[in-house]
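Have a look at the structure below before the remarks.
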Amino acid sequence: RQQQRPASEKDKFIAYHKPRPKRPRHQAETSDGPNSGIGKAVAMRRSNDRKREAGSTNINFNKLEAGSLRKYRRHYKLEIGPNASKDQLVSAVQHHFSTHTVDESNVIAAFLLAYSHSNSKGR
């Protein structure tokens, strides 16, 4: 007959941290149609690219303060009077912002380069 020994701290730890059974992963859909899986993601991205090319922005410039809009006007030398109302500034900034195209890969590369330089200086 075996005698039960008192549970040690190690036994308690092992009992509490027993490995759990793995949960099954979700199976990918087998359909390759435009409304499933990768096809849907690609279709959505193309749709977003077309919207971006059309000049529509998802930025609400009305949320910016008039001072910020004036700084944007000054920095980019927009052709609008110094006494323009906030609505006029919003319209001018929105138009100017929508006319610019951005190469996302160049922006990301420049950001990563700046980030790596800031980290190497111990900041």
Problem - Counted charge near residue 86, where neighbours are those whose Cβ lies closer than 10 Å (Asp, Glu -1; Lys, Arg +1) - result: -1
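Residues with beta-carbon under 13 Å from that of residue 77, excluding residue 77: net charge, scoring Lys, Arg +1 and Asp, Glu -1? Could you put the intermediate results ahead of the total?
Numbers: positive: 70, 71, 73, 74; negative: 79.
Surrounding charge for residue 77 is +3.
Throughout, read-outs are computed from the coordinates displayed, never taken from laboratory work. Remember, it's a predicted structure, so these values are computed and weren't measured experimentally. All Cβ positions, glycine included, derive from the backbone under ideal geometry; neighbour counts span all protein chains shown.
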